[in-house]
1. Name the single residue that is modelled with the highest pLDDT among those in the stretch 260-300 being more than 20 Å from A318 (Cα to Cα) and not in a strand (DSSP E or B).
2. Which one is farthest from T53 (Cα to Cα) among residues in the stretch 386-413 that are outside any strand (DSSP E or B), small (G, A, S) and touching a residue at least 24 places away in the same chain (Cβ under 8 Å)?
3. Considering only residues that are surrounded by 14 or more Cβ atoms within 10 Å (Cβ to Cβ), touching a Lys or Arg at 6+ places or on another chain (Cβ under 8 Å) and outside any strand (DSSP E or B), which ones fall in the stretch 337-363?
4. Say we look at the stretch 92-111 and pick out the residues that are surrounded by 15 or more Cβ atoms within 10 Å (Cβ to Cβ) and part of a loop (DSSP other than H, G, I, E, B); which of these is farthest from the chain's Cα centre (by Cα)?
5. Those residues that are aliphatic (A, V, I, L, M) and crowded, with 20+ Cβ neighbours inside 10 Å, I need them from the stretch 50-68; list them, please.
6. Can you give me the number of residues within the stretch 349-373 that are in contact with a strand residue (DSSP E or B) (Cβ under 8 Å, 6 or more places away or on another chain), more than 14 Å from G324 (Cα to Cα) and of a type outside the set (V, I, T)?
7. Is there any pair with a first residue in the stretch 176-199 that is within 12 Å of V216 (Cα to Cα) and a second that is surrounded by fewer than 12 Cβ atoms within 10 Å (Cβ to Cβ) and not hydroxyl-bearing (S, T, Y) whose Cβ atoms are under 7 Å apart and which are 6 or more apart or on different chains, and what are they?
8. Which residue pairs have Cβ atoms closer than 6 Å, lie 6 or more positions apart in sequence or on different chains, and pair a first residue in the stretch 73-97 that is not assigned by TED's automatic domain parsing to the domain that holds G141 with a second residue that is surrounded by 10 or more Cβ atoms within 10 Å (Cβ to Cβ) and assigned to a strand (DSSP E or B)?
Amino acid sequence: MRSGKRISVLMPVLLVGVLGVVLPASAGAASAGQFVRGRLLPVPAVAPGDQLTVTAVDVSPSGVVAGTAHVVTANPDGTQSTSDIPQRWVRIPRLGWLRQRVALPAGAGSGTLTGLTDRGEVAGTVTVAGTTRAARWSADGRSATIIGDAGSQVSAVGPHGPWGVFTGSGGPIVLTGGSELVTRAGVRTPLSGTAELDAGYRRTVASIGGPGLALVWVVDGVGRATNARAVLWQNGATVRLPVINSAFAGPACVSRVLADGSVAASGYAVESGAVSYLLLRHVGGVPGTDVVLNRVTGAGPPVGGLSCASTGVADNLADDGGIGGFVSDAGVQRAAFWNAAGGVTVVPLAAGERSATGVAVADGGRMVIQAVGDDGSRLSLWHSGVSTPLATPDGWTVTSVVELTDAGLLVANVHDSAGTVRPAAWDLAALR
């Protein structure tokens, strides 16, 4: 994953001629009070009987989307074979969404994507001779460069590089492993050598804010005592965020680290022997300062926190300091927005909603809310006190939100009643 949201321009001429299926351009975004319907992104064709799952994983500031198509094929002997095909999408004016099948390097049978740079260069993992290798692609998607040893994978992508490369211990279950930052020129910086990084047996880059700035999950402990702690690395120095991700205490959640070293986090913390649940904004990089936005040490007070995917990283910190998350009070969870000064606005539940949380933010106080209602999961865009419903394509339900860009592009993964997954996009530029 990339970190902050920086506006850049991807020249469409680099992509025209190598992109595939065309989807008609979406209608303009509705004004406040109306709804905006998402559009499914085009997907590759598969043979009858094959199962196709397509997921998006990242979006660049200019609106390039990265993802992977997973194909399950039924063989004549009754067995199944699978393949993963890296994909990229870009929206061309007057043409709509175009899809590109990113080329695999020689000898690779499949590949999955993790993220992309601000220039739209995708990166991820390819499988060569049964072994995974970290890889990054050229801007046109036609050539790949292997940037990791056997057993490696790209876990995070910087705005203009470097790439976070994790190399595991091998085998089907990775118990140990380390990470390094790899620049475009191939210079490697191991992420080790400090007390915070060396305290665990597995280190994985979660996000990259720039050439000398990364957020790393460090795992220690065994069994139910296994913990994951978020460590901020800046030019060789480190500081550990106070929240703990553990099977016993529950998950912690962190935002992507921004270029100025800011990161938001929530989860349980142990401070001076006391356990509390924290929501904080870390500012100033390393060593920096933790600004506590909400702290709960016992039953009763409202709990404020962040929501994120299984990776523990989410798109809930904007470049201007806005944070999207939730406040839970008396068993009811509502979406909440914290501004750069720490002031919080709790968004009331809409009719038919049982719970809600902010899952993505953009500059200007914009927040995407994912709510659970009588009709399942639903999305809305909250801005300046006004909520605009975001309808999914007919017959589809939200699975996960990928990102809301500052330019107003929202990308999410959706599923239908059969469990088929597809990426979808909403044009929210008119609601800025």
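The values are calculated or read from the model by the stated rules, or taken from the named source; none is laboratory data. In this text the structure is predicted, and so the values were computed from the model without any measurement. Backbone-built Cβ (ideal geometry, glycine too); neighbour counts: all protein chains shown.
1. Per the criteria, the residue is P287.
2. Ranking the candidates gives A407 first.
3. Hits for the stretch 337-363 are V347, L349, D363.
4. Only one residue fits best here, namely L95.
5. The answer is V54, A56, V57, V59, V64, V65, A66.
6. Qualifying residue count, the stretch 349-373: 7.
7. Hits for this filter: G178/P190; E180/P190.
8. As it stands, the answer is none, since no pair meets every condition given.
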